[in-house]
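K.L.:
Below: one structure in structure tokens.
The values are calculated or read from the model by the stated rules, or taken from the named source; none is laboratory data. Since the structure is predicted, the reported quantities are computational estimates derived from the model, not experimental observations. Virtual Cβ from ideal backbone geometry, glycine too; neighbours counted across all protein chains shown.
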């Protein structure tokens, strides 16, 4: 057996993250090279969805508790960033309900993004403190009730959100590469959380809540931590969304987006980061292919064209089939495996193991 | 002796005690005035026929069930009515009848979680987990996923997981259930080494008389929630009441 | 005093509508742990079945033009067939799957049905006029009550009463209650899974059909998302009432309906539009203080 260098050990440890980052990098690089602006926008949009899905995964994947409500934190983040980055003169007239200090400031994109993420995290923290004590089903429904409540509030809070109309004029600094960088950062956050003791503790509670409690794990606290982190990540996705489109509408943060992001996570496999990422890639790619087919595609002398609207039906059917034949998702709860064999336990532990067996033998019948 | 033992709590005069613990379900007494006490240098057995209240007792001691009356003392501290995770952190570890491993995680992660639950960081937890695996000669399966293990090994990992918490006391809930005779022998060796190597008392709840008589220094017998007697294996085996209540009937059938 | 009675009738009628919807969802949730988002599609399809299938902007009544004693059974039959169809094609192969798979599956079914409707009828809302005679008000002393509200309340009483009798008195009813409380044990006791589940879907379809007729009479607008809010409220009500408890589901729906109308009345004008936010806030409070719902069944307790 060859000795395992420290470099290989580190590589192996971070492989699940590095491999996913590499896959995304290749996709973004290739799309960048095509120079197809429309395709680049599709990929940027897909990467924003990826950030949402990774955010949902941080809570849902590690805790095993279904969360329907994540999109509300995206909305909170998106609007918070808009309040911080719009021109003061614009805000004075269109959003008179904002407090003066918000009307008069205009932050740079990066501080605004991080602050808005923190605002979303704080909202998520407050919600989590309230609801995480109950049983998983009640938590799921409560997250949904919070989504529905938040949606109603923003839809009617004319003086700061413009209600059912759109806020326009957000600085449009977000492009495909910026989405890619944030996707990497967010995947990093999710990965380091997952291998931290907090992530491990929460995954234990997912596998067996009774045993987890017996081993000193406070499930309430662990769920609150994950939910807050999840709110932060999804909030950042909201910020990017707003500054990518330059326009914000409350209606965007509702059941259809909840559905598509949850579907991406579950289709990819909700129990691993790789599942979250693969789900987004696969569904985004499938949607794009169907969209092309609707326009009509030539395969040799054959012209294949879908009737408008059939792509959603096919997508729905594919999701159903995946749920039937691969309920744990495409990745089945696994990360991308290290291609060069299984990890080996430290040699000291194995030698001591052998000694332990030897030492035990004479004592048999003690 | 491994390093695992050295990190164990040093005060070996501590005891795990229950005083007159009673549990009533809708007027029915599942446990009635159960008192017992064990030290850190012994393996203490609790036996009784099915439905005698052993499971209820386990749930009370580990914080999954509040007693109607009575107190549980862990190292002199009253932990009655504490939540399960606090009792776990205080130094009482346990195994489960149904094993309850974290099935989609690896063996080493299962042990790490127990150490993490005590407040250790990931690296220290990993180190400790490997020490325990080395102690029980199981390091070669560290990276196997828990739900791929055969039944007997699952139970072994369950005990390792309990020990990874560096507990003051460990409660083993029917660890021999479903094991072959050979596996029982291995288990007995393992259990009898725990007090010596970890400075940790063992409360063993078990049906298998061979295991109980083979490893326990003292045995407490209950029936219908009440104490019948307590004594050394020899005393228990010759106690006519125990034989009538338990040994002569159910255990024989069970072992057959 | 008149005002007070007006409010009571508003509250009871909205509560009835929610209760009927919640019961349809609660029935499947109790038995299968299925949060059936497609229930909304059942309601929507019931309403769309009233008109001639076409992409035309103006809706031409089809079944909607029939006499009521033909129209009602026809709509009920159509929705039941759709409900049974989703069970057979989508949910039966997923029997025993975990909650999130089931939820995503129901999302997927709902998504497919949404787009089937868009494909046939387009996504544009369409006006449809059904049961115009029910829109007029009935005067009673000083009260002027829309007839449809009375019909809603009557429908709820008849259906809930009928369902209660069915569940209490018939063999299938008892099997269904047992299955809702504890499906695994019920199966061990000889409850036939396929029959009970198909029956539950059929009843769920029946309830959806009635809700869709009431709802379309009230609003007059067909849209593929017409039932979304109704379903969201209902599915939250199910949990407030208590998972697995059918009485709880109906009571939860009723309670949320009443709470909505009361809030609508007592909230200052500035806040009226955010009424639903208060309703959902109230839901969260109930869940915090009674996580197992108002009526606790064996279904939610876990053994150590």
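K.L.:
Could you list, in sequence order, the residues of segment C:156-183 that are over 30 Å from residue C:9 (Cβ atoms) and modelled with pLDDT of 80 or more?
P.N.:
Result: C:169, C:170, C:171, C:172, C:173, C:174, C:175, C:176, C:177, C:178, C:179.
K.L.:
Right, something else. Residues to consider are A:170, A:147, A:113; find the one that is in contact with a helix residue (DSSP H, G or I) (Cβ under 9 Å, 6 or more places away or on another chain), assigned to a loop (DSSP other than H, G, I, E, B) and in contact (Cβ under 8 Å) with a residue 60 or more places away in the chain.
P.N.:
Within the list A:170, A:147, A:113, the selection yields A:170.
K.L.:
Restricting to segment A:299-325, name every residue that is farther than 19 Å from residue C:38 by Cα, surrounded by fewer than 17 Cβ atoms within 10 Å (Cβ to Cβ) and at pLDDT below 90.
P.N.:
A:299, A:300, A:301, A:302, A:303, A:304, A:305, A:307, A:308
K.L.:
Out of (1) surrounded by 20 or more Cβ atoms within 10 Å (Cβ to Cβ); (2) within 14 Å of chain A (Cβ to nearest Cβ), the odd one out for residue C:206 is which?
P.N.:
Single failed check for residue C:206: (2).
K.L.:
Considering only residues that are part of a helix (DSSP H, G or I) and out of contact with any helix residue (DSSP H, G or I) (no Cβ under 8 Å at 6 or more places or on another chain), which ones fall in segment A:70-92?
P.N.:
A:89, A:90
K.L.:
Could you list, in sequence order, the residues of segment C:107-137 that are within 12 Å of residue C:51 (Cβ to Cβ) and either modelled with pLDDT of 90 or more or outside any loop (DSSP other than H, G, I, E, B) (or both)?
P.N.:
Residues satisfying the conditions are C:117, C:120, C:121, C:126, C:127.
K.L.:
Say whether the condition of being more than 14 Å from chain C (Cβ to nearest Cβ), surrounded by fewer than 16 Cβ atoms within 10 Å (Cβ to Cβ) and either modelled with pLDDT under 95 or more than 13 Å from the chain's Cα centre (by Cα) (or both) is met by at least one residue in segment A:154-165.
P.N.:
Yes; the residues of segment A:154-165 include at least one that is more than 14 Å from chain C (Cβ to nearest Cβ), surrounded by fewer than 16 Cβ atoms within 10 Å (Cβ to Cβ) and either modelled with pLDDT under 95 or more than 13 Å from the chain's Cα centre (by Cα) (or both).
K.L.:
Hey, another quick one. Based on what the data block shows, is residue C:104 out of contact with any strand residue (DSSP E or B) (no Cβ under 8 Å at 6 or more places or on another chain), within 14 Å of chain A (Cβ to nearest Cβ) and either in contact (Cβ under 8 Å) with a residue 24 or more places away in the chain or in a helix (DSSP H, G or I) (or both)?
P.N.:
yes
K.L.:
What is the one condition in (1) crowded, with 21+ Cβ neighbours inside 10 Å; (2) over 30 Å from residue A:111 (Cβ atoms); (3) within 14 Å of chain C (Cβ to nearest Cβ) that residue A:149 does not satisfy?
P.N.:
Condition not satisfied by residue A:149: (2).
K.L.:
Still on this structure, I have one more. Just name the residue that is nearest to the other protein chains (Cβ to nearest Cβ) out of those in segment B:174-187 that are surrounded by fewer than 23 Cβ atoms within 10 Å (Cβ to Cβ) and not in a loop (DSSP other than H, G, I, E, B).
P.N.:
B:185
K.L.:
Restricting to segment B:106-124, and then to whatever is facing another protein chain (nearest Cβ under 7 Å) and over 16 Å from residue A:213 (Cβ atoms), can you tell me which residue is surrounded by the fewest Cβ atoms within 10 Å (Cβ to Cβ)?
P.N.:
Out of the qualifying residues, it is B:121.
K.L.:
Sticking with this one: Only one of A:65, A:43, A:53, A:28 is in a helix (DSSP H, G or I) and within 14 Å of another protein chain (Cβ to nearest Cβ); which?
P.N.:
One residue alone meets the criteria, A:53.
K.L.:
Here's another thing I want to ask about it. Among the residues that make up segment A:93-110, is at least one of them within 15 Å of residue A:232 (Cα to Cα), without any contact (Cβ under 8 Å) to a residue 60 or more places away in the chain and either touching a helix residue (DSSP H, G or I) at 6+ places or on another chain (Cβ under 6 Å) or not in a loop (DSSP other than H, G, I, E, B) (or both)?
P.N.:
So far as segment A:93-110 goes, yes, one or more of its residues are within 15 Å of residue A:232 (Cα to Cα), without any contact (Cβ under 8 Å) to a residue 60 or more places away in the chain and either touching a helix residue (DSSP H, G or I) at 6+ places or on another chain (Cβ under 6 Å) or not in a loop (DSSP other than H, G, I, E, B) (or both).
K.L.:
So, one more: Looking at segment B:65-119, which of the residues that are under 24 Å from residue B:23 (Cβ atoms), assigned to a loop (DSSP other than H, G, I, E, B) and in contact with a helix residue (DSSP H, G or I) (Cβ under 7 Å, 6 or more places away or on another chain) is modelled with the lowest pLDDT?
P.N.:
Only one residue fits best here, namely B:65.
K.L.:
Taking only segment C:107-141 into account, find how many residues are touching a residue at least 40 places away in the same chain (Cβ under 8 Å) and within 30 Å of residue A:61 (Cβ to Cβ).
P.N.:
Residues meeting the conditions: 5.
K.L.:
Does segment C:168-182 contain at least one residue that is within 14 Å of chain A (Cβ to nearest Cβ) and under 21 Å from the mean Cα position of the chain (by Cα)?
P.N.:
no
K.L.:
So, of the residues in segment C:234-252 that are away from every other protein chain (no Cβ under 14 Å) and crowded, with 19+ Cβ neighbours inside 10 Å, which turns out to be farthest from residue C:284 (Cα to Cα)?
P.N.:
Filtering segment C:234-252 for residues that are away from every other protein chain (no Cβ under 14 Å) and crowded, with 19+ Cβ neighbours inside 10 Å, the one farthest from residue C:284 (Cα to Cα) comes out as C:246.
K.L.:
If the requirement is being without any contact (Cβ under 8 Å) to a residue 12 or more places away in the chain, in a helix (DSSP H, G or I), under 30 Å from residue C:95 (Cβ atoms) and out of contact with any strand residue (DSSP E or B) (no Cβ under 7 Å at 6 or more places or on another chain), which of these qualifies: C:232, C:236?
P.N.:
C:232
K.L.:
Hey, any hits in segment B:127-141 for a residue that's within 9 Å of chain A (Cβ to nearest Cβ) and touching a strand residue (DSSP E or B) at 6+ places or on another chain (Cβ under 8 Å)?
P.N.:
So far as segment B:127-141 goes, no, none of its residues is within 9 Å of chain A (Cβ to nearest Cβ) and touching a strand residue (DSSP E or B) at 6+ places or on another chain (Cβ under 8 Å).
K.L.:
For segment A:175-198, state whether one or more residues are buried (at least 24 other Cβ atoms within 10 Å of the Cβ) and closer than 22 Å to residue A:153 by Cα.
P.N.:
The answer is no; no qualifying residue exists.
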